[in-house]
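The values are calculated or read from the model by the stated rules, or taken from the named source; none is laboratory data. The structure displayed is predicted, hence computed values, not measured ones. Note that we place each Cβ from the backbone using ideal geometry, even for glycine, and neighbour counts take in every protein chain shown.
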Amino acid sequence: MENAKLIQEKDKIITQLQEQLFCAQQQLDWFKRQLFGRKSEKFIEDNPQQPSLFATAPAGTSPAPTTEVKTHKRSSQKKHNDSDVNETGLRFDESVPQEIIELSAPELQGENSNDYEVVDIKETTRLAQ
């Protein structure tokens, strides 16, 4: 009687393991198709109307005529005029009116202002209307 129960339990375990193996095999096959299948490879069809890029020319044709092009050098340094952009990034002289707007950080005001240290100041110049 006990042997029959053990055999039934073993058969049940074997059936469960076979189902798990079947599921794992299906997943493995799916991953193989994704990694090595048609989806992972770009398939380029050969177009008979398009000539090959690296094919040699037929024996009866002559090479295309070549033309000589004048060579030139590019200048690497830009030439600046007085009206070009200055250090601040604008093309204006001193006659343009300027307005200075100072924005202060709220952390530097109040009781805890000694806890902070000014590391940098940012200046920005903008054109306004």
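So the values come out like this:
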| item | result |
| --- | --- |
| Neighbours by Cβ (under 9 Å, 6+ apart or cross-chain): first from the stretch 106-124, surrounded by fewer than 10 Cβ atoms within 10 Å (Cβ to Cβ); second not in a loop (DSSP other than H, G, I, E, B) | Asp115/Glu107; Val118/Leu108 |
| Condition check for Lys5: loosely packed, with under 10 Cβ neighbours inside 10 Å and modelled with pLDDT of 90 or more | yes |
| Those residues of the stretch 92-106 which are farther than 16 Å from Asp120 by Cα and not β-branched (Val, Ile, Thr), in sequence order | Phe92, Asp93, Glu94, Ser95, Pro97, Gln98, Glu99 |
| Selection count where residues are under 30 Å from Thr124 (Cβ atoms) and modelled with pLDDT of 80 or more, scope the stretch 43-88 | 0 |
| Which listed residue, of Ser40, Ser95, is more than 30 Å from Gln129 (Cβ to Cβ), modelled with pLDDT under 85, of a type in the set (S, T, N, Q) and part of a loop (DSSP other than H, G, I, E, B) | Ser40 |
